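Read-outs throughout are calculated quantities, based only on the coordinates presented, and are distinct from any laboratory measurement. As the structure is a prediction and not an experimental result, all values here were calculated from the model. Because the Cβ atoms are built from the backbone with ideal geometry, glycine has one as well, and the counts that use them run over all protein chains shown.
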Amino acid sequence: GAGVSQSPSNKVTEKGKDVELRCDPISGHTALYWYRQSLGQGLEFLIYFQGNSAPDKSGLPSDRFSAERTGGSVSTLTIQRTQQEDSAVYLCASSTRQGDGYTFGSGTRLTVV
Amino acid sequence: AQSVTQLGSHVSVSEGALVLLRCNYSSSVPPYLFWYVQYPNQGLQLLLKYTSAATLVKGINGFEAEFKKSETSFHLTKPSAHMSDAAEYFCAVRGLTGGGNKLTFGTGTQLKVEL
C-alpha cells in the first residue's frame, strides 16, 4: 500500500483481556518494527522482523507480549492478560532492507482500564 | 551499542525566530542519524537523515542538521520558526553495522512556537 496501516486506531480493553494489534507495512518493505510510546517517554523498541530471518525480540518487556509476521507482510502484536502499564501508543514501521529510514504508521492507542 | 541524548524536553521559540533542537549521539561504529517529527495523534514522519555523505543535511519544511563528529552532535535547525512547526521532534541513531536496522530514539523535544 501507499503507507503503513495500523488497526485499530484506538482500543480500550479491560485488565486481564488479550488484545491483538495489526500492522500492514508498505509493499516491498522487508523490515518491520514495533515500538511503544508511553506518555512522556520516548520510543521503546519492542521487536524487529527482517525478511525470513529470526526476529529480534530483545525489546519485548515480558512473555505476555508476542508478535508474528505472516508471509513476510502483515504483522500482529499480541498482548496477553493486559495490565494498566501496557497502556501506550503502539507504533509500527517498515523499511527497505537497507534501513535508511523508517515509514511509520499512525499507531494504535491502547488503553487498559 | 548506540544511543542519543536530546537536551531539553521542551523548547519554546517565537514565530520567526531560530529553531535549535539539540541531539548528541554515542555510537561504537559510524552512525546513521535521523530526525523525525510527530504531530499530535499521528505517527512519526522523517524530516532528514545523515548516512555518511554530506555533513550538512537538508530536510523537509526548511529544516537542516549538521553532523559534527568532533562534537558527536547532530543538532536540528530552522532559520525562521512557523506556527505549523509546533510538534514533538525525535533524534534517532543506528550503526552501519551490527544491531540490524534497529533505530534507537531519543526521548523527544516538544517544540512550542509562540506569536
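Here are the numbers:
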{"item": "Per residue Cα convex hull volume in Å³ - calculated over chain B", "result": "94 Å³"}
{"item": "Average partner coverage of A:48-56, which counts Cβ from other chains inside 10 Å", "result": "2"}
{"item": "For peptides A:50-59, A:23-32, B:2-11, sequence by mean Cβ density within 10 Å, most packed first", "result": "A:23-32, B:2-11, A:50-59"}
{"item": "All aspartates and glutamates inside 19 Å of B:Lys58 as judged from Cα atoms, apart from same-chain residues fewer than 8 positions distant", "result": "A:Asp100, B:Glu66, B:Asp85, B:Glu88"}
{"item": "Links that overshoot a 22 Å alpha carbon limit, given the list B:Lys78/B:Lys102; A:Lys11/B:Lys49; B:Lys78/B:Lys112; B:Lys69/B:Lys112", "result": "B:Lys78/B:Lys102; A:Lys11/B:Lys49; B:Lys69/B:Lys112"}
{"item": "Ordering of B:70-81, A:60-71 by burial proxy (mean other Cβ atoms within 10 Å per residue, highest first)", "result": "B:70-81, A:60-71"}
{"item": "Averaged over B:83-91, number of beta-carbon atoms from partner chains that fall within 10 Å", "result": "1"}
{"item": "Per-selection Kirkwood Rh - the range B:52-115 (Cα, Å, 1 d.p.)", "result": "13.6 Å"}
{"item": "Approximate shape of chain A as ellipsoid semi-axes (Cα gyration tensor, √5λ), whole Å, largest first", "result": "23, 14, 13"}
{"item": "5 angstrom amide H check on A:Gly107, placed H, neighbours 5+ away", "result": "A:Gln6, A:Cys92"}
{"item": "5 Å-binned pair-distance histogram of the protein assembly as shown (Cα, whole percent)", "result": "1, 7, 14, 18, 18, 16, 12, 7, 4, 1, 0"}
{"item": "Cβ-based net charge around B:Pro31, under 10 Å, with every Lys or Arg adding one and every Asp or Glu removing one", "result": "+2"}
{"item": "Phi-based couplings in Hz for the range A:103-113 (Karplus 6.51, -1.76, 1.60; Gly and Pro marked x)", "result": "10, 9, x, 7, x, 10, 8, 9, 10, 9, 10"}
